[in-house]
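Worksheet: one structure, shown below.
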Amino acid sequence: MTAAPAFPLPFAPRRIVLGSNLHAALAAWIRDRRPDLEVRGAKYTDISAGDLAWAEVYLGFKRPPADPTLGSVRWVHSTGAGVDGFLLPDGLDPRLLLTRPPESFGPMIAEWAVARILAFQQQLTELAAAQREGRWAPRDIARVAGTRALVVGTGDIGRAVATALHALGCVVTGVSRTGTSVHPAFATVHPVSALPTLVGDADWIVLAVPDTPASRGLFSRDLLSRCRGAVLLNAGRGMVLEEAALPAALDAGWLRGAALDVFATEPLPGDSPLWSDPRVMISPHISGITTVEGAGSGFLECLAELEAGRLPRWTVDRERGY
Ligand code: GLV
């Protein structure tokens with residue numbers, strides 16, 4: 001393995017390009033705090049090759065299509081927790097520094113997961129349908145307490161999900177790359193290789209892993225066939241799951257339902273059978289939202305480290321992909 005070239009420090013860039021839907025508010029937020037910086041912005045699809053030839057820093061979620069090599073940029077700061085938009089499919093020049101946001105998306109994604117798990121147990125969709133039809137239709141709602149959750153990914157997001165589910169009385173099992181992660185919300189943590197023996201015991205399977213070459217397709221049809229009636233929640237990335245196998249997994253009863261925030265193709269194509277499947281709850285990639293303040297303060301935190309001559313602790317490990 002060749003070591004990545006060292007990034008020259010200290011680094012005190014002045015020309016910043018924002019490729020984000022939040023660019024106007026984010027540029028104003030940054031200029032207010034650092035008037036010495038020159039900031040330009042647009043939606044990432046509208047960033048020009050000229051902007052990238054001018055810039056030293058790019059802030060955004062994905063590479064701008066106008067120049068995926070990113071012109072003169074030397075530092076990329078991701079506004080999203082997942083950096084697959086920069087590293088996949090074909091990597092990012094190893095001379096560029098890539099950092100991810102210090103902002104914690106865990107608590108918000110935990111609430112997204114809890115809302116869906118409660119919706120399944122409380123049969124909210126069925127009750128709402130009966131209400132619209134004016135039907136008094138008692139149903140057996142169920143407790144979350146005492147059920148078993150499998151949380152795949154024990155980083156910031158997985159831990160926040162585990163903490164929330166543990167507080168609701170779930171027994172939570174964790175799965176991480178190495179199986180060595182420790183956190184009081186997990187009853188036990190296992191390596192990814194144990195998944196085939198774990199999924200059959202879970203009532204809820206929550207995917208909180210990034211899209212990396214190691215995680216792509218992890219939840220294959222074969223793994224889904226080992227589930228025994230779990231509800232699958234995906235708040236990570238669509239590519240981690242063999243999405244095309246979901247209808248069969250639901251029909252076979254391997255899965256009781258699914259709550260999906262991320263998809264292999266986004267927006268989810270109109271002809272996907274998932275849209276009309278009553279066992280599936282769809283949300284449009286909103287479980288962990290980047291805020292202006294979160295993105296701005298995370299960027300300034302990393303910038304301060306670089307100006308002081310240190311690599312930010314949020315520097316992405318290129319081998320792991322997060
Ligand atoms: C959203 O998907 C993110 O990576 O923050």
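With respect to A187, determine if the residue is open to solvent by 30 Å² or more (accessible area, probe 1.4 Å) and within 16 Å of A230 (Cα to Cα). So A187 does not fit the description; no.
If you go through the range 45-68 and keep only what is under 20 Å from S297 (Cα atoms) and either of a type outside the set (D, E) or within 25 Å of the chain's Cα centre (by Cα) (or both), you end up with A55, V57, Y58, L59, G60, F61, K62. The set of residues from the range 20-52 being open to solvent by 50 Å² or more (accessible area, probe 1.4 Å) and either modelled with pLDDT under 95 or among the acidic types (D, E) (or both) comprises D32, D36, E38, D46. The single condition among (1) closer than 25 Å to G200 by Cβ; (2) open to solvent by 20 Å² or more (accessible area, probe 1.4 Å); (3) within 16 Å of the ligand (Cβ to nearest atom) that T180 does not satisfy is (3). Any residue at all in the range 286-306 that is open to solvent by less than 70 Å² (accessible area, probe 1.4 Å), over 30 Å from R15 (Cβ atoms) and not hydrophobic (A, V, I, L, M, F, W, C)? Yes, some residue in the range 286-306 is open to solvent by less than 70 Å² (accessible area, probe 1.4 Å), over 30 Å from R15 (Cβ atoms) and not hydrophobic (A, V, I, L, M, F, W, C).
Looking across the range 42-77, the residues that are among the basic types (K, R) and more than 16 Å from R100 (Cβ to Cβ) come down to K43, R74. Within the range 269-290, being more than 11 Å from the ligand (Cβ to nearest atom) and either within 18 Å of V231 (Cα to Cα) or modelled with pLDDT under 95 (or both) holds for P273, L274, W275, S276, D277, P278, R279, V280, M281, I282, S283.
For every residue, the table says whether it meets (1) open to solvent by less than 40 Å² (accessible area, probe 1.4 Å); (2) away from the ligand (no atom under 16 Å from the Cβ); (3) not assigned by TED's automatic domain parsing to the domain that holds V83.
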site	(1), (2), (3)
G200	yes, yes, yes
D203	no, yes, yes
L207	yes, no, yes
F219	yes, yes, yes
C227	yes, yes, yes
V231	yes, yes, yes
N234	yes, no, yes
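The values are calculated or read from the model by the stated rules, or taken from the named source; none is laboratory data. Just so we're clear, the structure is a prediction, and the values are computed from it rather than from any experiment. When we count neighbours, we look across all protein chains shown, and the Cβ atoms used for this are built from the backbone with ideal geometry, even at glycine. The accessibility values were calculated without ligands, DNA or RNA, using every heavy atom of the protein model including side chains. Shrake-Rupley method; radii C 1.70, N 1.55, O 1.52, S 1.80 Å.
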